[in-house]
Amino acid sequence: MNDSLKEQLTSVFTDVKVFIPEEDRIVITVEKEAVLSVLSFLKNHGYSHLGLISCVDWIEEKKLELVYILSAYMQEDESYHDKERTTIILKTKISREKSEFLSVTPIFVNAEPYEREIHELYGIHFDGHNRLTPLFLERKYETPPFRKDFDTRKYVQDVFDNIPFVEKKAENK
Amino acid sequence: MAYAYFSGRDDYHFDHQEITHMDRNQLTKWLKTPVKMGHKYSLHAVYFCTGCGIIEVPPVITARWDAERFGVIPVATPRQANLFLITGYVSVKTLKAIIRTYEQMPEPKFTVGFGSCPVNGGMYWDSYNTIKHLDKYIPVDGWIAGCMPRPEAIFVAVVHLWTLIDKDMADGYKRYRKDYKAYRANQEQLFGTLEWPPLFPIGESK
Amino acid sequence: MRELELYFGPQHLGMVGNFSITLQVEGDRILKATANPGYLHRGFEKLMELRSWIKNYPMVCRINVVEPDSMEMVYAMGVEKLAGHEVPERAHYVRSIYLELARVGSHLFGLWAYANMLGFDTVAQWAMYHRDLVLDLFEELTGGRVYHIYICPGGVRRDFPEGFKDKIVHTLHSIGGCVPDYNDTFFHNRLFCDRAQGIGTVTREEAIAMGGTGQVLRATGMKYDIRRVEPYAAYDKVPWEVPTRENGDAYSRIMVIRDEMIESVHMIFKLLDAMPEGDVYNRIPNPIKWTIPPGEAYVRCESSRGELGLYMVSNGEDKPYRVHFRTPSYSHGLTVLESALQNASVADVGNIMISLYVVAPEIDR
């Protein structure tokens with residue numbers, strides 16, 4: 001079942017590496033230009049549940065890796081097939097300095113909040129997204145907070161610990 | 001007491017005798033200070049679920065650990081409340097809402113920090129988005145330690161708060177009025193300019 | 001057209017959890033709803049990268065405050081998959097019983113919130129009381145009422161104490177014996193049916209497009225439950241059914257929740273009978289500094305809100321390299337909520353929001 005999907009993918013797309021680490025998991029590594037077409041191909045083959053869009057910061061390689069996790073909803077109401085057990089992990093790497101990518105919201109509607117979150121936490125700009133405003137954060141950070149070179153403990157010391165206690169201020173008056 | 005350590009004040013020493021006698025035969029005390037009786041036995045808590053401590057508040061206000069026998073009920077708006085229970089950690093975005101809610105409450109008002117996160121940051125001491133010491137931004141009358149504290153800890157805190165009110169030591173709101181310049185300066189150092197005007201007029205520096 | 005912008009903000013009597021919705025209304029009809037999360041953001045995943053695998057056990061459960069146990073389960077499953085660590089047979093059964101008890105407790109909490117929103121205070125008080133009985137069981141088993149830290153990679157922390165089986169049976173009988181009262185007062189009450197039927201309808205195509213799982217999808221007729229699709233722990237060892245309804249409105253979702261509670265109770269009895277003897281914990285190789293070989297894993301389980309997933313990356317150290325939780329309330333609270341509130345009446349906002357079963361800390365992490 002997974003092998004047939006692997007053959008279909010490698011026959012249609014040229015630059016795709018498919019790796020099956022264990023039963024029920026397929027890991028596909030693509031170049032960044034092919035991501036949208038591979039996603040639509042997989043969606044047309046029944047993998048229409050976008051579970052997660054995540055991002056990993058490989059700081060030594062100077063790359064940010066975007067990860068798309070797809071699985072399949074049930075085809076029939078009553079019986080369970082092997083297809084629903086399979087999870088596809090689609091990965092692609094983009095450069096860390098010039099971090100831009102295309103948005104997948106035309107294909108999957110529910111990708112919108114995931115991309116907003118990655119935009120504010122990792123600093124990746126998604127072209128074609130219609131609402132790239134901050135989701136959780138309110139303040140501006142010089143380095144996006146989830147990157148590996150953002151030191152949270154130093155940030156806490158600089159911003160929060162420097163604010164004095166009120167009783168000490170009152171004593172010093 | 002078994003369940004909670006309440007109060008961070010050095011000058012408040014808990015007296016077991018006062019609690020076991022529980023104001024029962026103190027009719028003269030009530031007649032002398034009916035105002036304090038009104039403050040103590042009707043602590044209406046503003047219903048604001050600030051953090052993860054909110055999971056222990058519905059058990060407290062429902063039938064099993066009934067808080068209404070202590071006079072504590074949740075109310076809808078801060079204008080009707082005089083107890084602010086800050087349950088759990090405070091993020092930067094929530095602190096703005098907390099300050100606005102606190103400033104809308106009429107005086108006398110009492111604040112209790114619930115859980116170990118408002119005390120000194122708790123488990124999230126190295127997070128970039130949580131407030132480490134709530135004391136720096138609004139005045140707090142006492143703390144309940146624990147993660148999560150038990151529901152009985154809220155009742156212990158309420159009883160301690162009664163004793164503090166009797167001794168005129170629950171004066172968070174008076175400290176806010178007196179030191180408002182320092183509190184406002186701390187708030188502005190964290191947020192930049194604030195959208196709402198100062199609550200009390202900040203006079204010229206002495 | 002005269003529009004008004006309202007804030008169904010964090011300090012509101014109808015809001016459970018620290019979450020806010022901005023509504024643009026014209027008269028009584030909502031034109032556009034914008035969810036406004038971020039009040040509970042702690043940067044969890046960044047904090048987890050600074051603590052070792054073992055120090056993360058107490059951190060993980062605090063993401064979802066209402067049902068912390070499914071978070072512990074999915075973390076344990078992910079670490080076991082990355083490290084190749086086995087779990088003994090009895091531990092699977094203990095984990096399943098524990099998770100089903102947590103599911104009952106979480107659904108009772110949701111019933112409190114929903115019944116309070118509609119004004120059925122009596123049912124809300126009953127539900128919270130019965131949840132306290134379940135929390136007493138947890139306290140005896142693990143020591144804490146709310147945050148248990150019971151499921152660890154390798155099994156569970158300790159076995160059932162003496163006489164615990166009888167206590168579980170006794171508590172569940174006393175809760176289950178009140179189901180006819182719940183039915184008469186709430187679930188078969190004409191007021192509830194009139195107020196919840198046809199409100200907040202999410203059709204199957206919309207749910208599939210917007211990434212809905214859990215009750216949102218099972219209320220449209222699809223039997224999508226991770227405990228059946230990709231079984232974990234001991235869920236494939238006992239027979240049980242996935243309850244569904246047809247219409248996809250608030251009434252269907254609440255009835256699915258009720259049926260799930262009853263099914264969980266039956267499942268616990270069957271698991272207690274089928275449980276084998278043995279150990280419950282397989283010790284980890286090095287409790288001081290446990291390094292896990294490099295790799296990645298994606299595991300998922302069914303929490304009481306929907307499909308809960310965890311994507312973990314390790315690079316060979318004793319700390320996680322990247323941890324990302326796929327929480328069910330993310331798509332329900334941000335995408336499905338904004339679409340379900342379109343053209344709804346202002347009076348139904350709380351009804352729709354709580355029937356979509358959103359927990360705010362799960363969105364923000």
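The values are calculated or read from the model by the stated rules, or taken from the named source; none is laboratory data. Remember, it's a predicted structure, so these values are computed and weren't measured experimentally. With ideal geometry, Cβ positions are generated from the backbone for all residues, glycine too; neighbour counts draw on all protein chains shown.
Within the bounds of region B:172-182, is there any residue that is touching a His at 6+ places or on another chain (Cβ under 9 Å) and assigned to a loop (DSSP other than H, G, I, E, B)? Explain how you work it out, then say what you get.
Just the residues of region B:172-182 that are touching a His at 6+ places or on another chain (Cβ under 9 Å), to begin with: none.
No, because not a single residue in region B:172-182 is touching a His at 6+ places or on another chain (Cβ under 9 Å) and assigned to a loop (DSSP other than H, G, I, E, B).
Sort through A:Ile88, A:Ile59, A:Ile69 and tell me the only one that's within 14 Å of chain C (Cβ to nearest Cβ) and under 23 Å from A:Phe150 (Cβ atoms). Full working, then the answer.
Values: A:Ile88 fails: under 23 Å from A:Phe150 (Cβ atoms); A:Ile69 fails: under 23 Å from A:Phe150 (Cβ atoms).
None of the others qualify; the one that does is A:Ile59.
The conditions are (1) of a type outside the set (Gly, Ala, Ser); (2) touching a strand residue (DSSP E or B) at 6+ places or on another chain (Cβ under 8 Å); (3) facing another protein chain (nearest Cβ under 9 Å), and C:Met59 fails exactly one of them. Which is it?
So C:Met59 meets the others, but not (2).
Residue-by-condition table, conditions (1) part of a helix (DSSP H, G or I); (2) modelled with pLDDT under 90:
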residue	(1), (2)
C:Met261	yes, no
C:Ser264	yes, no
C:Ile268	yes, no
C:Gly278	no, yes
C:Lys289	no, yes
C:Ser304	no, no
C:Asp318	no, yes
C:Ala347	yes, yes
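Yes or no, residue by residue, for (1) in contact with an Asp or Glu (Cβ under 8 Å, 6 or more places away or on another chain); (2) under 30 Å from C:Pro231 (Cβ atoms):
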{"site": "A:Ser95", "(1), (2)": "no, no"}
{"site": "A:Lys98", "(1), (2)": "no, no"}
{"site": "A:Leu102", "(1), (2)": "yes, no"}
{"site": "A:Ala111", "(1), (2)": "no, yes"}
{"site": "A:Ile118", "(1), (2)": "no, no"}
{"site": "A:Tyr122", "(1), (2)": "yes, no"}
{"site": "A:Leu137", "(1), (2)": "yes, no"}
{"site": "A:Glu142", "(1), (2)": "no, no"}
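Within region A:102-111, which residues are surrounded by 18 or more Cβ atoms within 10 Å (Cβ to Cβ), touching a helix residue (DSSP H, G or I) at 6+ places or on another chain (Cβ under 7 Å) and in contact (Cβ under 8 Å) with a residue 40 or more places away in the chain?
So the first thing to find is which residues in region A:102-111 are surrounded by 18 or more Cβ atoms within 10 Å (Cβ to Cβ), and the list is A:103-104, A:108, A:110-111.
Keeping just the survivors that are touching a helix residue (DSSP H, G or I) at 6+ places or on another chain (Cβ under 7 Å) gives A:103-104, A:110.
Of everything in region A:102-111, those that are surrounded by 18 or more Cβ atoms within 10 Å (Cβ to Cβ), touching a helix residue (DSSP H, G or I) at 6+ places or on another chain (Cβ under 7 Å) and in contact (Cβ under 8 Å) with a residue 40 or more places away in the chain turn out to be A:Val104, A:Asn110.
I'm trying to understand the selection: among the residues of region A:112-140, which are in contact (Cβ under 8 Å) with a residue 12 or more places away in the chain and in a loop (DSSP other than H, G, I, E, B)? Quick ask: steps written out before the conclusion?
Residues of region A:112-140 in contact (Cβ under 8 Å) with a residue 12 or more places away in the chain: A:112-137.
Result: A:Gly123, A:Ile124, A:Gly128, A:His129, A:Asn130, A:Arg131, A:Leu132, A:Thr133, A:Pro134, A:Leu135, A:Phe136, A:Leu137.
Does C:Gly214 satisfy the criteria of being over 24 Å from C:Glu263 (Cα atoms) and crowded, with 16+ Cβ neighbours inside 10 Å?
Working: over 24 Å from C:Glu263 (Cα atoms): no; crowded, with 16+ Cβ neighbours inside 10 Å: yes.
When the stated conditions are applied, C:Gly214 does not pass them.
Output the strands (runs of 3 or more DSSP E) that fall wholly within region B:67-158 and possess 3 or more residues being within 13 Å of chain C (Cβ to nearest Cβ) and within 15 Å of B:Gly172 (Cβ to Cβ), or say none.
Working: elements: B:73-75, B:83-87, B:110-114, B:142-144.
Filter on region B:67-158 gives B:83-87.
I'm trying to understand the selection: among the residues of region B:75-100, which are among the hydroxyl-bearing types (Ser, Thr, Tyr) and buried (at least 21 other Cβ atoms within 10 Å of the Cβ)?
So the first thing to find is which residues in region B:75-100 are among the hydroxyl-bearing types (Ser, Thr, Tyr), and the list is B:77, B:87, B:89, B:91, B:94.
Matches in region B:75-100: B:Thr87, B:Tyr89, B:Ser91, B:Thr94.
Give me the residue from region C:30-51 that is assigned to a loop (DSSP other than H, G, I, E, B) and at the interface with another protein chain (Cβ under 8 Å from one of its Cβ atoms) and, out of that set, surrounded by the most Cβ atoms within 10 Å (Cβ to Cβ).
Here is the first cut: in region C:30-51, the ones assigned to a loop (DSSP other than H, G, I, E, B) are C:37-43, C:49-51.
Now drop any that are not at the interface with another protein chain (Cβ under 8 Å from one of its Cβ atoms), which leaves C:37-43, C:50.
On the way: C:Pro37: 26, C:Gly38: 23, C:Tyr39: 27, C:Leu40: 32, C:His41: 26, C:Arg42: 25, C:Gly43: 24, C:Leu50: 14.
Step by step, filter region C:30-51, then rank; the result is C:Leu40.
For region C:137-151: of the residues being touching a residue at least 12 places away in the same chain (Cβ under 8 Å) and more than 19 Å from the chain's Cα centre (by Cα), which is surrounded by the most Cβ atoms within 10 Å (Cβ to Cβ)? Give the derivation first.
Initial filter on region C:137-151 (touching a residue at least 12 places away in the same chain (Cβ under 8 Å)): C:137-138, C:140-142, C:146-151.
Now narrow it down to the ones that are more than 19 Å from the chain's Cα centre (by Cα): C:140-142.
Working: C:Glu140: 14, C:Leu141: 23, C:Thr142: 18.
The residue in question is C:Leu141.
Between C:Gln215, C:Gln197, which is within 20 Å of the chain's Cα centre (by Cα), of a type in the set (S, T, N, Q) and more than 17 Å from A:Ser79 (Cα to Cα)?
Working: C:Gln197 fails: within 20 Å of the chain's Cα centre (by Cα).
Unique residue meeting the criteria: C:Gln215.
Could you please give the count of residues in region C:1-29 that are over 24 Å from A:Glu120 (Cβ atoms), part of a strand (DSSP E or B) and not aliphatic (A, V, I, L, M)?
Number of matching residues: 2.
Given the conditions (1) without any contact (Cβ under 8 Å) to a residue 40 or more places away in the chain; (2) surrounded by 14 or more Cβ atoms within 10 Å (Cβ to Cβ); (3) more than 21 Å from the chain's Cα centre (by Cα), and given that A:Leu5 satisfies all but one, which numbered condition is not satisfied?
(1)
Would you tally the residues in region C:185-219 being in contact (Cβ under 8 Å) with a residue 60 or more places away in the chain and among the small types (Gly, Ala, Ser)?
6
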